[in-house]
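The values are calculated or read from the model by the stated rules, or taken from the named source; none is laboratory data. Just so you know, these numbers come straight off a predicted model, no measurement behind them. Cβ atoms come from the backbone with ideal geometry, glycine included; neighbour counts cover every protein chain shown.
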């Protein structure tokens, strides 16, 4: 099986297909490299597509040390995959946890980024929710260690922002749940405790985000309520960003609405490729929004 090697020696499983300008897909907490199959099949007709599993996920290495699961490890793992494949610069697509890593890559390695797609991004980042999110992450991590992924997949995978997927596409949801149940208890627990529960709020990067030059598409479902305010925040901070909201859609936008997601990215990449995705016109006044910390 093909693997890239991270700076600390962790091996990262990846798959690639197609040729052309590269796109790399970074998965969410409940997903893995398989989560992007609908995008790999579609975009590989036009692009070189790479999907990989983060550390702690199938078929990558699963470090036992919690300290090997920081937000910087996940950020640098994406770069390690690009380095292994000899890719200087790529379109980066992330969902949830993967979108957070994509933001970090944009901030820390701007020269490696062609564009960013940030889908279902920012859970727990609102300043008034950070403490609760971290406590919940710690409690959930402990449940992965004691109960296991197979048990938690039955409840975690049917939360208030995932029932939309279950209702729309029972077959797709069953596949998602099966894959989730196969995840390592140690890998899931350490990821939840180290990365999810330990990462900084997006609000901590306000000044840096305003300097980020990359064309950016932000995608959120209108029933993914924990990600709506963070998506609006990023839209207001990142100069060359656009925001699309999918109707009647929860957290797992790329699997729940694959056709709509893919078509949105096609339009985005077309505009980026022709130089028609500029920074926000300064005449487009930013009106203060109640409930949205600036």
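Regarding the range 56-64, can at least one residue be identified that is surrounded by fewer than 23 Cβ atoms within 10 Å (Cβ to Cβ) and within 29 Å of residue 264 (Cα to Cα)?
Yes, some residue in the range 56-64 is surrounded by fewer than 23 Cβ atoms within 10 Å (Cβ to Cβ) and within 29 Å of residue 264 (Cα to Cα).
Would you point out which residue out of 189, 250 is surrounded by 18 or more Cβ atoms within 10 Å (Cβ to Cβ), in contact (Cβ under 8 Å) with a residue 12 or more places away in the chain and more than 19 Å from residue 93 (Cβ to Cβ)?
189
Just to check your reading of the model, which residue among 35, 26 is in contact (Cβ under 8 Å) with a residue 60 or more places away in the chain and under 24 Å from residue 201 (Cβ atoms)?
Unique residue meeting the criteria: 26.
Is there any pair with a first residue in the range 38-65 that is under 20 Å from residue 172 (Cα atoms) and a second that is assigned to a loop (DSSP other than H, G, I, E, B) and modelled with pLDDT under 95 whose Cβ atoms are under 9 Å apart and which are 6 or more apart or on different chains, and what are they?
Pairs that qualify, where the first residue is under 20 Å from residue 172 (Cα atoms) and the partner is assigned to a loop (DSSP other than H, G, I, E, B) and modelled with pLDDT under 95: there are none.
May I ask you to list the residues in the range 217-227 that are within 22 Å of residue 114 (Cα to Cα) and surrounded by fewer than 17 Cβ atoms within 10 Å (Cβ to Cβ)?
none
Criterion first (more than 19 Å from the chain's Cα centre (by Cα), in contact (Cβ under 8 Å) with a residue 60 or more places away in the chain, surrounded by fewer than 24 Cβ atoms within 10 Å (Cβ to Cβ) and more than 21 Å from residue 189 (Cβ to Cβ)) does residue 80 satisfy it?
Considered against the rule, which asks whether it is more than 19 Å from the chain's Cα centre (by Cα), in contact (Cβ under 8 Å) with a residue 60 or more places away in the chain, surrounded by fewer than 24 Cβ atoms within 10 Å (Cβ to Cβ) and more than 21 Å from residue 189 (Cβ to Cβ), residue 80 comes out as no.
Any residue in the range 228-235 that is buried (at least 17 other Cβ atoms within 10 Å of the Cβ), closer than 30 Å to residue 41 by Cβ, without any contact (Cβ under 8 Å) to a residue 60 or more places away in the chain and in contact with a helix residue (DSSP H, G or I) (Cβ under 9 Å, 6 or more places away or on another chain)?
Within the range 228-235, not a single residue is buried (at least 17 other Cβ atoms within 10 Å of the Cβ), closer than 30 Å to residue 41 by Cβ, without any contact (Cβ under 8 Å) to a residue 60 or more places away in the chain and in contact with a helix residue (DSSP H, G or I) (Cβ under 9 Å, 6 or more places away or on another chain).
Please list, ordered by first then second residue, the pairs with beta carbon atoms under 6 Å, 6 or more apart or interchain, first in the range 161-179 and surrounded by 14 or more Cβ atoms within 10 Å (Cβ to Cβ), second part of a helix (DSSP H, G or I) and modelled with pLDDT under 95.
These pairs meet every condition: 177/153.
Among the residues of the range 109-146, count how many are under 20 Å from residue 194 (Cα atoms) and exposed (fewer than 14 other Cβ atoms within 10 Å of the Cβ).
7
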